[in-house]
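In what follows, a structure is listed as structure tokens, so that the remarks can point back to it.
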Amino acid sequence: MTTSFLNIPLLFLQEIGIKELLLIALVVLLLFGGKKIPELMRGLGSGIREFKDAKDEPSKKGNNADATDAKS
């Protein structure tokens, strides 16, 4: 019986509770400080936005190419 990496459930995610989330937040706060966290979140948000734009870009180019071919 072979087990693929993709078939392994992420069991540790099911066990996270409020106490664990608070502990993680406290560690992040201690490591980065209160002033750095908003900058990190802005950077994370812009990175996610760029990823979504890049993901949707090929389909937009494909639609624009189809529209220009239809006009010709």
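The values are calculated or read from the model by the stated rules, or taken from the named source; none is laboratory data. Source: prediction; values computed, not measured. Quick reminder, even Gly has a Cβ in these numbers, built from the backbone with ideal geometry, and neighbours come from all protein chains shown.
Taking the criterion of being exposed (fewer than 10 other Cβ atoms within 10 Å of the Cβ) and at pLDDT 85 or above, the residues of the stretch 53-72 that qualify are 54, 55. Every condition in (1) β-branched (Val, Ile, Thr); (2) at pLDDT below 75; (3) part of a helix (DSSP H, G or I) holds for residue 2 except the one numbered (3).
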